[in-house]
Amino acid sequence: MGKDQELLEAARKGNVAVVEKILGQRAKRSGPLASLRRGPGANVQDSSGYSALHHAALNGHREIVKLLLEHDASTNIVDVKGSSPLHLAAWSGNVDIVRLLLTGPSICNVNLTTKDDETALHCAAQYGHTAVVCLLLEHACDPGIRNCKGETALDLAAQYGRLDTVELLVRTDPSLIQCLKRAAPDIVYPHTPLHLASKNGHK
């Protein structure tokens, strides 16, 4: 197994000692030929586009996320679907890791969208991770961004019956609760978030 793969596997499995060793070896090497001798950087990716930070964020390995960020891991690197580590942490609902990603040292693009035009806010709202939604909003994530189906984070929260999340989003931006058709006539689903919640059996 090469060093790149070793780092990615260690990040996925939560092996702090191995991640620390590999990143430490790279940091210690310097000089004119250092680039030829160094091990993998923090931003190596596997065939799905996952970096070590993707793996650690998705699997809830907080200490590894911290280590990677300290070694210049990018929070904005994306996988083949356009998902950043922030998308994955938001999807899994891990507040601590979302906070780490948002507070640096790498500057995190909180409104980065996937190939389906979804932000981390869409990911968190759909699964009812209200604490993550709150944190993303505090860091200026735009609740008005629509995905490729024309849905905002509020629409997804309502559709899946995440009522605490719906309440938070409506309190944050009351203008969100409008008929989609009025907001964007070319969208084929002219329902308000409340219609979506009712349609799916959530009252």
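Every read-out reported here was derived from the displayed coordinates using simple, explicitly stated rules and does not represent laboratory data. The shown structure was predicted, so the numbers you read here are calculated from the model rather than taken from an experiment. Please note: Cβ atoms are built from the backbone with ideal geometry, for glycine as well, and neighbour counts cover all protein chains shown.
Summarising the label geometry, the points placed 7 Å from Cα in the beta-carbon direction at Lys66 and Cys134 lie 2.3 nm from one another. Among the listed pairs Lys13/Lys81; Lys81/Lys149; Lys3/Lys115, give every one whose C-alpha distance is greater than 25 Å. Where the Cα-Cα span goes over 25 Å, the pairs concerned are Lys3/Lys115. Take the alpha carbon gyration tensor of the stretch 133-176, find the square roots of its eigenvalues, order them as a ≥ b ≥ c, and report rounded if a/c is under 1.5; if not, report prolate when a/b exceeds b/c, else oblate. Because a/c hits 1.5 or more and a/b fails to exceed b/c, the stretch 133-176 counts as oblate. Residues Leu168, Leu121, ranked from the fewest to the most other C-beta atoms within 10 Å, line up as Leu168, Leu121. Hydrodynamic analysis of the stretch 94-135 uses the Kirkwood radius over alpha carbon pairs. Inserted into Stokes-Einstein at 37 °C and 0.692 mPa s, it gives a translational diffusion coefficient of 305 µm²/s.
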